2 protein chains.
Amino acid sequence: MKMDARKQQVLLALITDFIATAEPVGSRTIARKYTLGVSPATIRNEMADLEEMGFIEQPHTSAGRVPSHKGYRYYVDFLMKKHDLSRQEEELISQGYKEKVRDVGHVIHLTGGLLSQITSYAAVVVTPKPIAGSLKHVQMILMNPGRAMVVVVMNTGAVHHRIIEVAEGITQTDLDTISQVFNAKLQGQNMDTIKLTLIKEIYFELSKHRNILDLAMFLINDSLTLEGEEKIYLGGVFNILNQPEFNNVDKVKTLLSLLEQEDLLCSLLERNTEPEGVTVLIGDEIKRDEMKECSIVTASYNFNGIPLGSIGVLGPTRMDYARVVSVVECMTRNLNEALEKLSRGWK
Amino acid sequence: MKMDARKQQVLLALITDFIATAEPVGSRTIARKYTLGVSPATIRNEMADLEEMGFIEQPHTSAGRVPSHKGYRYYVDFLMKKHDLSRQEEELISQGYKEKVRDVGHVIHLTGGLLSQITSYAAVVVTPKPIAGSLKHVQMILMNPGRAMVVVVMNTGAVHHRIIEVAEGITQTDLDTISQVFNAKLQGQNMDTIKLTLIKEIYFELSKHRNILDLAMFLINDSLTLEGEEKIYLGGVFNILNQPEFNNVDKVKTLLSLLEQEDLLCSLLERNTEPEGVTVLIGDEIKRDEMKECSIVTASYNFNGIPLGSIGVLGPTRMDYARVVSVVECMTRNLNEALEKLSRGWK
DNA sequence: GGTTGGCACTCGACGGCATAGAGTGCTAAC
DNA sequence: GTTAGCACTCTATGCCGTCGAGTGCCAACC
């Protein structure tokens with residue numbers, strides 16, 4: 001069987017209607033609401049074909065049709081017309097970013113809030129990976145004998161810190177020395193370079209301070225590997241409870257228990273394959289049984305061309321893809337700009 | 001009408017049973033399951049009295065009785081027997097804190113996770129207020145012309161940072177000078193003292209650097225007032241969806257939308273009046289209509305005797321108060337110890 | 001050959017009804 | 001003061017019949 005223009009029209013009408021109403025769509029409804037110029041009987045025939053092709057399915061014999069995941073996929077790839085955001089929405093977004101921006105974490109939070117507010121679905125935003133960006137400043141502070149705090153500032157504006165154990169004899173002066181060497185040698189380098197090529201150089205430089213050499217090595221190997229420190233912003237979860245597909249407490253429960261596993265959420269968001277642009281994952285494409293009735297729309301945001309993290313929207317498979325994709329695109333642009341501003345200064 | 005010993009027995013039995021089963025409790029049930037030595041008819045009479053006194057109520061004529069908020073309050077204040085935690089639970093908690101502790105934020109996260117896991121309700125933990133504790137180190141880093149990052153490290157191990165705008169002409173050397181003065185003058189002071197008494201001193205000290213004086217003043221007034229920066233850990237929300245009182249999606253929705261308002265949650269947790277020990281807020285005592293079917297058990301944790309923040313458990317009014325109070329007490333103790341360790345070093 | 005109207009059939013949603021069961025309050029007896 | 005008995009109330013449950021939306025198929029039509 002071949003997909004022709006009229007089948008596309010019917011599929012488009014059906015999905016559009018289902019997204020709007022959440023009710024199975026019958027042939028009569030399509031004939032009445034969408035002017036295809038044919039009778040319900042004809043549409044019934046087309047629908048039977050579409051069902052055979054796997055694009056739509058029937059919850060039960062005497063109900064209308066509902067899009068399948070394959071149907072949504074076809075819709076997103078070929079049929080969907082992105083409509084531009086309304087004046088009002090554009091306004092809301094740029095207004096949100098007008099606010100005085102304090103730091104990266106703040107911007108992330110802001111973005112998540114806006115995203116869920118505008119789309120009425122749940123928003124997920126992953127904060128920058130520490131390895132992204134380059135090192136701006138390292139400072140070590142002796143908290144009390146045997147314990148020091150390492151503070152690392154990245155050029156992205158992200159600040160990471162960690163408490164480490166040091167030998168009892170180490171003084172703040174020793175730590176200052178190390179900090180200075182680190183700053184001199186490592187400033188402006190990105191994390192990969194730091195780990196791979198510069199260990200030797202520092203080793204040499206610090207050899208005159210034999211007593212603190214071990215500490216320095218320890219620092220490089222342990223403290224600066226700040227991996228697994230991504231944080232996540234999750235907001236607007238109550239939004240998706242407004243969706244009729246979540247009027248069942250059990251479904252809400254499985255979804256919520258999944259959303260509380262931050263690391264899992266991170267890995268989901270990082271599956272956006274396209275470097276530029278928006279990725280849409282529909283239903284079982286997420287490869288998680290608990291989310292087979294959900295879809296995720298993600299995009300990654302950049303800083304100086306390096307992908308820092310991702311933003312995403314999570315909703316039911318019956319999500320308004322056209323709108324959400326537009327919003328995510330727009331938000332990514334705004335976020336990139338905001339980060340740019342944050343790093344370069346305003347005027 | 002006067003509360004006598006037998007009325008107390010009946011009330012205790014009724015509340016115990018209701019907490020366990022979530023079903024209205026009838027006179028027959030109490031007579032059968034709890035050996036009070038009297039017949040159902042007598043219990044019926046006592047129950048009629050208790051209802052008149054406002055401790056219990058009837059959902060409808062032909063149902064058993066259910067505790068009122070007043071009843072729970074009486075239970076918590078006078079009847080409840082705290083049972084010690086089981087060997088297994090104690091184990092679980094201390095095991096959780098065995099893990100290598102990285103920083104304050106990490107401990108907070110850990111605590112929240114354990115709390116929700118053990119109680120099977122939702123856990124809320126407020127991170128330390130920046131004003132608590134004393135200043136350990138200030139560092140200013142020029143990010144690019146006109147923008148600097150201020151990093152403040154507290155003796156509690158908390159690290160706060162913020163980006164500020166500075167005059168274009170300011171160099172890193174200028175910032176180092178300011179940082180040095182700040183550190184010399186402010187180290188070991190708490191935030192209140194800093195704000196109130198030391199401005200003058202620094203003003204004097206820096207007067208030789210006229211050009212950066214304005215910046216210094218700005219910093220003190222703006223950047224160091226890190227208020228409103230409390231973060232919150234919220235976990236185990238899906239737990240309370242297991243409670244039968246939340247099998248209605250509407251209730252879940254109102255609760256969730258409330259829980260997403262972090263500032264509101266903070267203010268709820270900070271209502272724990274008793275400086276030492278556990279505070280229980282029952283139903284409408286929370287003074288929030290959306291939470292009139294919830295209770296909150298909170299306690300505040302300390303560092304060197306200063307209250308830093310609060311931990312809390314949120315569940316339905318039909319919560320197992322005895323158990324939760326014990327757990328919160330135990331967790332507070334453990335958290336205090338962990339913070340102590342974090343600040344003093346292990347051995 | 002594609003399109004259309006007609007018709008029988010299917011299946012879930014909804015409302016009414018009867019029944020069962022739990023629990024109470026009252027009364028009279030102990 | 002306590003207890004047993006009894007009539008009464010109210011909800012939950014399950015069963016049915018009806019209604020309506022929607023389909024699939026068939027025959028007629030352009």
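A compact table of results
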{"read-out": "Pick from region A:144-157, criterion at pLDDT below 80, under 24 Å from the mean Cα position of the chain (by Cα) and facing chain B (nearest Cβ under 9 Å), ranking: most open to solvent (accessible area, probe 1.4 Å)", "value": "A:Asn155"}
{"read-out": "Members of region A:302-347 found to be modelled with pLDDT under 95, buried (at least 21 other Cβ atoms within 10 Å of the Cβ) and aromatic (Phe, Trp, Tyr), listed by number", "value": "A:Phe303"}
{"read-out": "Unique match (being in contact (Cβ under 8 Å) with a residue 12 or more places away in the chain and either outside the structural domain of B:Ile108 (by TED's automatic domain parsing) or over 25 Å from A:Leu234 (Cα atoms) (or both)) among B:Asp263, B:Asp284", "value": "B:Asp284"}
{"read-out": "Residues located in region B:249-265, provided they are of a type in the set (S, T, N, Q) and facing another protein chain (nearest Cβ under 8 Å)", "value": "B:Ser257"}
{"read-out": "In region A:291-301, the residues that are aliphatic (A, V, I, L, M) and either at pLDDT 95 or above or in contact with a strand residue (DSSP E or B) (Cβ under 6 Å, 6 or more places away or on another chain) (or both)", "value": "A:Ile296, A:Val297, A:Ala299"}
{"read-out": "Residue within region B:97-117 that is buried (at least 21 other Cβ atoms within 10 Å of the Cβ), under 24 Å from A:Val138 (Cα atoms) and assigned by TED's automatic domain parsing to the domain that holds B:Val297 present", "value": "yes"}
{"read-out": "Residues of region B:3-38 satisfying the condition of being near DNA strand C (Cβ under 10 Å from one of its atoms), without any contact (Cβ under 8 Å) to a residue 24 or more places away in the chain and open to solvent by 20 Å² or more (accessible area, probe 1.4 Å)", "value": "B:Thr21, B:Arg28, B:Ala31, B:Arg32"}
{"read-out": "Members of region B:234-248 found to be farther than 16 Å from B:Ile296 by Cβ, assigned to a helix (DSSP H, G or I) and at the interface with chain A (Cβ under 9 Å from one of its Cβ atoms), listed by number", "value": "B:Phe238"}
{"read-out": "Subset of region A:45-64 [surrounded by 15 or more Cβ atoms within 10 Å (Cβ to Cβ), over 14 Å from A:Asp4 (Cα atoms) and near DNA strand D (Cβ under 7 Å from one of its atoms)]", "value": "A:Glu51, A:Gly64"}
{"read-out": "Residue check for A:Glu165: more than 25 Å from B:Met140 (Cα to Cα) and either modelled with pLDDT of 80 or more or of a type outside the set (Phe, Trp, Tyr) (or both)", "value": "no"}
{"read-out": "Subset of region A:236-255 (residues that are aromatic (Phe, Trp, Tyr) and over 21 Å from A:Ala20 (Cβ atoms))", "value": "A:Phe238"}
{"read-out": "Contacts under 9 angstrom Cβ, first residue in region B:159-182 being within 18 Å of B:Pro145 (Cβ to Cβ), partner open to solvent by 20 Å² or more (accessible area, probe 1.4 Å) and hydroxyl-bearing (Ser, Thr, Tyr), 6 or more apart", "value": "none"}
{"read-out": "Scope region A:73-107; condition of a type in the set (A, V, I, L, M, F, W, C) and within 13 Å of chain B (Cβ to nearest Cβ); matching residues", "value": "A:Val101, A:Val104, A:Val107"}
{"read-out": "Breaking point among (1) more than 16 Å from DNA strand D (Cβ to nearest atom); (2) away from chain B (no Cβ under 14 Å), for A:Gly113", "value": "(2)"}
{"read-out": "Residue list for region A:1-44, restricted to those being more than 23 Å from A:Ala322 (Cβ to Cβ), in contact with a helix residue (DSSP H, G or I) (Cβ under 6 Å, 6 or more places away or on another chain) and away from DNA strand D (no atom under 14 Å from the Cβ)", "value": "A:Met1"}
{"read-out": "Criterion (within 14 Å of DNA strand C (Cβ to nearest atom) and farther than 17 Å from B:Asp17 by Cα) met by exactly one of B:Ala48, B:Ala63", "value": "B:Ala48"}
{"read-out": "Yes/no for A:Asp84 being away from DNA strand D (no atom under 13 Å from the Cβ), surrounded by fewer than 12 Cβ atoms within 10 Å (Cβ to Cβ), modelled with pLDDT of 90 or more and among the charged types (D, E, K, R)", "value": "no"}
{"read-out": "Members of region A:266-302 that are in a helix (DSSP H, G or I) and away from chain B (no Cβ under 14 Å)", "value": "A:Cys266, A:Ser267, A:Leu268, A:Leu269, A:Gly283, A:Asp284, A:Glu285, A:Ile286, A:Asp289, A:Met291"}
{"read-out": "First in region A:39-61 and hydroxyl-bearing (Ser, Thr, Tyr), second anywhere and within 12 Å of DNA strand C (Cβ to nearest atom), Cβ under 8 Å, 6 or more apart", "value": "A:Ser39/A:Ala31"}
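The values are calculated or read from the model by the stated rules, or taken from the named source; none is laboratory data. Please read all numbers here as calculations on a predicted model, not as lab measurements. Neighbour counts run over all protein chains shown; Cβ positions are idealised from the backbone, glycine included. Heads up: the accessible areas ignore ligands, DNA and RNA and are worked out on the full protein's heavy atoms, side chains in. Shrake-Rupley method; radii C 1.70, N 1.55, O 1.52, S 1.80 Å.
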